[in-house]
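As structure tokens, the structure follows; a few thoughts come after it.
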Amino acid sequence: MANTLIQIKFSDSNSAPTLLTVAEPAYSYVSNTLFIGTGDNAGAIIIGGKAYVDKTNSAFDKANSANVLAQAAYNASNTKFASTGGTVSGNITITGNIIPSVANTYFLGSAAAPFHSLFVGPGSINIGGVILTTSNGSLGVNSINIAGVVLSNSNGSLGITTTTGNPLDFSSISNTANSAFVQANAAFAAANTAANVTSAINGGSF
């Protein structure tokens with residue numbers, strides 16, 4: 001095949017040629033499109049051009065963006081808890097609170113699978129309204145109930161009351177203790193007297 005000089009028609013005013021001969025190329029700078037004449041000398045078909053390169057690049061960019069979003073969604077789904085339970089490996093970092101859907105129902109750990117350690121801030125453990133605190137390495141509570149006797153902090157001093165909030169009557173307690181002591185001494189003396197009488201009957205002087 002002999003060398004043939006290919007000439008390309010062009011236009012900077014029309015977006016497409018009206019008529020091309022067979023295999024005749026033409027380029028429109030208006031639509032940035034490359035055309036070639038049809039086999040029947042009756043028209044032109046699009047075979048490329050900058051417009052299609054731009055569309056291809058745009059499609060690639062959109063596809064690439066979609067892939068990035070899909071990968072992010074995939075990663076996010078893999079780092080979330082399953083709605084019906086499951087196992088998560090590795091550390092979990094949250095921004096917010098962990099609150100059960102029902103109060104006083106679920107456990108944190110179990111007897112067979114307890115947590116190793118629990119680290120909390122000061123004054124953050126609340127057990128039914130009783131707050132545990134720390135001071136100089138010591139554990140502190142608002143009050144302690146020991147068999148109905150409540151030990152509490154009363155303006156920096158030890159407060160001792162009953163569960164109804166009434167202070168204990170130490171005078172009555174002391175009198176009761178003294179009375180019990182007197183009765184115990186009387187019982188002891190009576191027991192000694194009975195022992196001496198028995199001894200006399202069994203051979204001693206009477």
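What's the total number of residues in segment 17-37 that are on the phi < 0 side of the Ramachandran plot and out of contact with any strand residue (DSSP E or B) (no Cβ under 6 Å at 6 or more places or on another chain)?
5
Which of (1) loosely packed, with under 10 Cβ neighbours inside 10 Å; (2) at pLDDT 90 or above; (3) within 30 Å of I127 (Cα to Cα) does T84 not meet, given it meets every other one?
Unmet for T84, out of (1) loosely packed, with under 10 Cβ neighbours inside 10 Å; (2) at pLDDT 90 or above; (3) within 30 Å of I127 (Cα to Cα): (2).
Would it be correct to say that Y52 is of a type in the set (F, W, Y), farther than 30 Å from G128 by Cβ, in a helix (DSSP H, G or I) and within 33 Å of the chain's Cα centre (by Cα)?
Spelling it out, it is not the case that Y52 is of a type in the set (F, W, Y), farther than 30 Å from G128 by Cβ, in a helix (DSSP H, G or I) and within 33 Å of the chain's Cα centre (by Cα).
Out of curiosity, is F115 under 30 Å from G137 (Cα atoms) and not acidic (D, E)?
Yes: the conditions hold for F115.
The values are calculated or read from the model by the stated rules, or taken from the named source; none is laboratory data. None of the values given here were measured: they were computed from a predicted structure. Every residue, glycine as well, gets a Cβ built from its backbone with ideal geometry; the counts of neighbours run over all protein chains shown.
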